[in-house]
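> Structure provided below as structure tokens; questions to follow.
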Amino acid sequence: MAQKIIFLNRFFAPDHSATSQLLTDLAFDLAEQGALVHVISSRLRYDDPLACLPRNETLDGVQVTRVWTSRFGRYSLPGRAMDSLTFHLGAALHLFRLAKRGDWVVVKTDPPLLSVTLWPVIRLRRANFLTWNQDLFPEVAVALGVRGWGTGMLRWLRNRSLQHATCNVVLGQRMAAHLRAEGIPDERLRIIHNWSDGQAITPIAAEDNPLRQTWDLVGRFVVGYSGNLGRAHEVDTLLDAAEQLKHRSDICFLFIGGGAGQNYLTAQIAARQLTNITLKPYQPRVNLAYSLSLPDLHWISLWPRLEGLIVPSKFYGIAAAGRATLYIGDAQGEIPTLLQSGGCGVTCAIGDGQGVARQIAAWADDRAACHQLGQAARRLFLERFDRPIALAAWRDLLRV
């Protein structure tokens, strides 16, 4: 009899958010291998709370059930909390009906603390319980300034749920170390990195990239950012560097995406009168090879207090596209450690706008050196982070 695997995450295909894309890759692969795959998600899309996806459908062999939730969207904290709460309740009810003894239930971390709600249901149904931790709450909330008497209790409940899981998948060494310190047994932790598709996203030379001409970037040294700009990502250091490089007409900054930090970014561009920054919306997944290959260099930022709690997944697409990374944050962080070991990027401290500007100017003046870092990134990606590597690790874990 085919192995039944149930995934729970607020977003799934056709949604384009990072957690949705990763889950979609894995679910479709497992279904192709012959597993009976169910996904319980919401009817929402990450960037469009007014969207209403079908309640039930089958996508590439995956049975998808989308439960009702409120739809306040992610730009209001009370609204986000209500959207999360209603998904917790709807997902728990549907999982109780669907899960049977011996099934595998994989719980992701969107919305936060989903394992706390679903662990009793999984235990009651005698299913195998796995968590897939893209981030760690409530620690992320505390690190971003949320305070309250309930955070300690939520942390204890989260830890209790992880202690009872068959396995907890984490994204890197620092996240694993954090959970060990929280009392999660080492034998119940497994590192499986996020990934990108090395066949769909390949290095494309500047002269072969149609977006260069469409967006009027031919001949310029482009410093890019692609994806969600959220509260975890520091942006002022990069803005300081862009301000110092205003006189360099050959250097421009490109932001592709959205997120909670975009309004601040837009306001700062206007306040600082920065004409060297271009904003573009999220690009369809089919265009990622072009949009990720367009920059000569990508920047990533993360507040140091969030290391071990979040791993910026955008790095894997950057590496797949064969581009160098300029990381702004903790030099001992998860991604900076990879950059150093792979020789594919540089880390600068938050607040060091002058250092960031100097580094960007140096690469703009020696594009061959920057290109060599990108080639090293592609090699590292093919060795460790290509999609088949991660999917094979998941198949091994789930015994498919």
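The values are calculated or read from the model by the stated rules, or taken from the named source; none is laboratory data. Keep in mind that this is a model prediction, so the values were computed, not measured. Cβ: placed from backbone, ideal geometry, glycine included. Neighbour counts: every protein chain shown. Note: areas computed on protein heavy atoms with side chains; ligands, DNA, RNA excluded. Shrake-Rupley method; radii C 1.70, N 1.55, O 1.52, S 1.80 Å.
> Which one is right for this structure if mean projected area of the Cα convex hull in nm² is calculated from it: [x] 20.1; [y] 18.6; [z] 26.9?
Among [x] 20.1; [y] 18.6; [z] 26.9, the one calculated here is [y].
> Further question on the same structure: According to a simple spin-label model (label point 7 Å from Cα along Cα-to-Cβ), what is the distance in nm between Arg358 and Thr202?
The modelled label-to-label distance comes out at 3.9 nm.
> If you don't mind, there's one more thing I want to ask. Relative to the present Cα-Cα distance, how much length would full extension add between Thr151 and Phe72 at 0.36 nm per residue of separation?
26.1 nm
> Tell me the per residue accessible area of the stretch 93-182 using a 1.4 Å probe; a whole number in Å² is fine.
Averaged over the residues of the stretch 93-182, the accessible area is 44 Å².
> Now a separate question. Trypsin sites (Lys or Arg not before Pro) within the stretch 116-214: which are DSSP loop residues with at most 14 other Cβ atoms inside 10 Å?
Arg126, Arg147
> Specify whether the C-alpha gyration tensor of the stretch 346-400 places it in the rounded, prolate or oblate class, a ≥ b ≥ c being the square roots of the eigenvalues: rounded for a/c under 1.5, otherwise prolate if a/b is larger than b/c and oblate if not.
The shape class here is oblate.
> With r as the distance between the Cβ atoms of Thr166 and Arg55 and R0 = 35 Å, compute the FRET efficiency 1/(1 + (r/R0)^6) and round to 0.05.
Efficiency, rounded to the nearest 0.05: 0.70.
> Taking the Cβ-Cβ separation of Ala177 and Gln340 as r and a Förster radius of 25 Å, what is the calculated FRET efficiency to the nearest 0.05?
Efficiency for this residue pair is about 0.90.
> In addition: Looking only at the chain, where both bridge partners belong to it, what percent of the DSSP beta bridges are antiparallel (to the nearest 5)?
Beta bridges within the chain, antiparallel portion: roughly 10 percent.
> Here's something else I'd like to know. Based on the Cα atoms of the stretch 130-284, what semi-axes does the equivalent ellipsoid have, where each is the square root of 5 times one gyration tensor eigenvalue, given in whole Å with the largest first?
39, 22, 12
> Follow-up question, since we're still on this one. Using a ≥ b ≥ c from the Cα gyration tensor of the stretch 225-368 (square roots of the eigenvalues), is it rounded, prolate or oblate, where a/c under 1.5 gives rounded and otherwise the larger of a/b and b/c decides, a/b for prolate?
Rounded is the answer for the stretch 225-368, as its axis ratio a/c remains below 1.5.
> Where does the stretch 8-87 land on Rg/Rh, using Cα atoms and the Kirkwood Rh?
A ratio of 1.00.
> Above 16 angstrom, tally the Cα pairs of the stretch 133-173 and express them as a % of all pairs, no decimals.
Distances greater than 16 Å cover 41 percent of the Cα pairs.
> Then there's this: Counting other C-beta atoms within 10 Å, and keeping those with at most 14, which DSSP coil chymotrypsin sites (Phe, Trp or Tyr not before Pro) do you find in the stretch 210-244?
Those that pass, being in a loop and sparsely packed, number zero.
> Can I ask one more? Step by step: find N for the stretch 257-326, compute 2.2 N^0.38 Å, then divide the Cα radius of gyration by it. What's the final number?
That ratio works out to 1.24.
> Excluding ligands and nucleic acids, what accessible area in Å² is computed for Lys4 using a 1.4 Å probe, to the nearest 10?
30 Å²
> Still on this model: Among the lysines in the chain, how many pairs, 8 or more places apart or on different chains, have alpha carbons under 26 Å apart?
6
> Contact order normalised by length for the chain, with contacts defined as Cα pairs under 8 Å and 6 or more residues apart; what percent is it?
With pairs under 8 Å counted, the relative contact order is 14 percent.
> Separate question: D for the stretch 113-193, whole µm²/s, Stokes-Einstein with Kirkwood Rh over alpha-carbon pairs at 10 °C and 1.306 mPa s: what number?
Result for D is 122 µm²/s.
> Indicate the gyration tensor shape class of the stretch 238-293 (rounded, prolate or oblate), computed on the Cα atoms with a ≥ b ≥ c the square roots of the eigenvalues: a/c under 1.5 is rounded; otherwise a/b larger than b/c is prolate and the rest oblate.
oblate
> Å³ per residue of the Cα convex hull, for the stretch 283-372?
So the per-residue hull volume is 96 Å³.
> Can I ask one more? Taking the Cβ of Gly333 as the centre, find all other residues whose Cβ is under 12 Å away and add up their charges (Lys, Arg: +1; Asp, Glu: -1).
-1
> Where does the stretch 201-287 land on Rg(C-alpha)/(2.2 N^0.38 Å)?
1.11
> Relative contact order (percent) for the stretch 239-371, with alpha-carbon contacts under 8 angstrom and 6 or more residues of separation?
Relative contact order comes out at 24 percent.
> Do any trypsin sites (Lys or Arg not before Pro) in the stretch 349-400 lie in a loop, going by DSSP, with at most 10 other beta-carbon atoms within 10 Å of their beta carbon, and if so which?
Arg399
> A follow-up question, please. Counting only protein heavy atoms and a 1.4 Å probe, tell me what percentage of the stretch 58-159's accessible area is made up of carbon and sulfur.
Ligands and nucleic acids excluded, carbon and sulfur give 64 percent.
> While we're looking at this one, here's another question. Under the definition of Cα pairs under 8 Å and six or more residues apart, what whole-number percent is the relative contact order of the stretch 21-140?
The normalised contact order for the stretch 21-140 reaches 17 percent.
> Quick one: ranking Val121, Val107 by accessible area, 1.4 Å probe, largest first, what do you get?
Accessible-area ranking of Val121, Val107, largest first: Val121, Val107.
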